[in-house]
Amino acid sequence: MASSLILQAKNLTKIYGENVIFRDISLDVRKGETIVIIGPSGTGKSTLLRCLNLLTRVNSGQIFLEGREITAPGTNEDQVREQIGMVFQNFLLFNHLTALENVMLGLTKVKKLPKEQARQKAMQELSRVGLADRAGHYPAQLSGGQQQRVAIARALAMDPKVMLFDEPTSALDPELIGEVLGVMAQLARDNMTMLVVTHEMGFAREVADRIVFMEKGSIVEQGAPDDLFERPQHARTREFLWKITELYGKKEKP
Amino acid sequence: MLSNFLSYIVQGTGVTIAVTLIALPFGLLIGLLLALLYNYGNRWVARSAGIYSLLMRGVPPIVLLFILYFILSGRLINLSPFWAGSLSLGLVSSAYQMEILRGALAAVGAGQMTAARAIGLTRLQAIRYVILPQAIRLAIPPWSNEASIVLKDSSLVYALGVPEILRRAQQLSATTGQPFLAFGAAALIYFCLVFLTNRALDYLAEKTKLPTQPV
């Protein structure tokens, strides 16, 4: 594993009032790596992602993007976010823009590309998620799965160094989950650096290079999927995996 | 004689429209600014905007009109009754327009801002390209209501001596002794103006509506 560090979190702590969301989290994300974060709800996984692209401020700790500290005072946060793609649980497409315009907005307003060039790039990204034929549709005219794929295209268009996925399939009907996971698996194969919070254990197992198990605001353990699924070191990891596989109907022993 | 009678009132229509066309956009400009400060400003800025709205909406428009009129055409600034009246009416309306836009901005939802920031847009860019286009669509129906209120409230500048529809109707009523004809004609003109305004804004709302059905 000699590939370079893209994102590095050092001793991150986030507290809301008296509520400790997570404490002392450290995480290294290497180039081309797909990391899946699993864990019970309310353990700070989503907040961690929001902190990594500075949508939420950490109380203490440091975050480095390609070796440069982005938690340092005076950092241009907009420039940082431009380099970190994010996909949300509830898609959050811009409702007043077509699929194509959703993908183009960042290109024309942030990257300042000329319109025609932006359009071409946006069409490319829409093709990449299999939605070139839906370019002129508004979000309300798309299924949830299609909306999420447009959201992925919108993030990809900015050529991010790393993509953060915050439970990208949790709001989807079961029959639409596959198309989104398919796009994400393809991205992983294309060596996109990805950090994914999800409850999709099948995806975690097949696509992840590393799985991180988080509970109650800290990382309990992490490792390669097979190690973590076959030989979890902690009782809590075992319990969680057992519960979630039971829930999803796969009665294989953890 | 009747045609003279009517044309005298109709001449006031131009003044009424002019007062409304000054008051409404002026109120929109200030209302929008206040709504943005209320939703996105820091605590003190937001609170000040809230207090402004509370005060302006808590007093009858005619009382505010007199107070503002004596400020705007006093010693420091000396505007004509027409301008002082129109701008005062705009200030009164700004508080209501602020409330309309504040609601619309909130209805767009925080998620849209988050998504916009996540691709690297600045706060101002996010407001301009993502939040406002959606908020304005939501605001058109309630704004249409406010537009007709300002149109009708423009009759208040009558009290400052501006020769708009109501002032002329009053004069005619006094000189001809035909109050029903005079005020009836005024009422009819107001109704037509309000009706047309609402129709035009309904059309605008329909035109800018986002498609929801599959194409």
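Of note:
- Annotation: of all residues in the stretch A:111-144 being farther than 27 Å from A:Ile177 by Cβ and touching a residue at least 24 places away in the same chain (Cβ under 8 Å), the one that is nearest to the other protein chains (Cβ to nearest Cβ) is A:Lys111.
- Residue check for A:Gln62: among the polar types (S, T, N, Q), over 24 Å from B:Ala126 (Cβ atoms) and over 22 Å from the mean Cα position of the chain (by Cα): no
- A:Ala224 vs. criteria without any contact (Cβ under 8 Å) to a residue 24 or more places away in the chain and not aromatic (Phe, Trp, Tyr): yes
- Residues satisfying the stated conditions in the stretch A:179-235, i.e. surrounded by fewer than 17 Cβ atoms within 10 Å (Cβ to Cβ) and either of a type in the set (Val, Ile, Thr) or in a helix (DSSP H, G or I) (or both): A:Gly182, A:Ala185, A:Gln186, A:Arg189, A:Gly202, A:Arg205, A:Glu206, A:Asp226, A:Asp227, A:Glu230, A:Ala235
- Subset tally (residues that are within 14 Å of chain A (Cβ to nearest Cβ) and not in a helix (DSSP H, G or I)) for the stretch B:176-215: 7
- Of the residues examined, A:Thr245 is not one that is within 21 Å of A:Arg50 (Cβ to Cβ), touching a Lys or Arg at 6+ places or on another chain (Cβ under 8 Å) and either at pLDDT 95 or above or surrounded by fewer than 22 Cβ atoms within 10 Å (Cβ to Cβ) (or both).
- Set A:Asp133, A:Asp78: member being farther than 25 Å from A:Ala188 by Cβ and either in contact with a Ser or Thr (Cβ under 9 Å, 6 or more places away or on another chain) or modelled with pLDDT of 95 or more (or both): A:Asp78
- All helices (runs of 4 or more DSSP H) inside the stretch B:76-169 with 2 or more residues being within 11 Å of chain A (Cβ to nearest Cβ), surrounded by 22 or more Cβ atoms within 10 Å (Cβ to Cβ) and aliphatic (A, V, I, L, M): B:110-118
- A count restricted to the stretch A:1-48 and to residues that are within 26 Å of A:Glu206 (Cβ to Cβ) and among the basic types (Lys, Arg) stands at 3.
- Filtering the stretch A:111-134 to residues that are within 20 Å of B:Ala116 (Cβ to Cβ) and open to solvent by 10 Å² or more (accessible area, probe 1.4 Å) leaves A:Lys111, A:Lys112, A:Leu113, A:Lys115, A:Arg119, A:Lys121.
- Scanning the stretch B:30-44 for residues that are loosely packed, with under 14 Cβ neighbours inside 10 Å and in a helix (DSSP H, G or I) yields B:Arg43, B:Trp44.
- There is at least one residue in the stretch A:152-174 that is surrounded by fewer than 21 Cβ atoms within 10 Å (Cβ to Cβ), away from chain B (no Cβ under 14 Å) and over 27 Å from B:Leu121 (Cβ atoms).
- Checking B:Gly12, B:Gly27, B:Gly58 one by one, the residue that is within 30 Å of B:Gly109 (Cα to Cα) and open to solvent by less than 50 Å² (accessible area, probe 1.4 Å) is B:Gly27 and no other.
- Here is the figure for the stretch A:1-23: residues that are touching a residue at least 12 places away in the same chain (Cβ under 8 Å), over 22 Å from A:Pro160 (Cα atoms) and outside any strand (DSSP E or B) total 0.
- Residue in the stretch B:158-175 that is in contact (Cβ under 8 Å) with a residue 60 or more places away in the chain, of a type outside the set (Gly, Ala, Ser) and more than 19 Å from B:Val15 (Cβ to Cβ) present: no
The values are calculated or read from the model by the stated rules, or taken from the named source; none is laboratory data. Just so we're clear, the structure is a prediction, and the values are computed from it rather than from any experiment. All Cβ positions, glycine included, derive from the backbone under ideal geometry; neighbour counts span all protein chains shown. Only protein heavy atoms, including side chains, enter the accessible area calculation; ligands, DNA and RNA are left aside. Shrake-Rupley method; radii C 1.70, N 1.55, O 1.52, S 1.80 Å.
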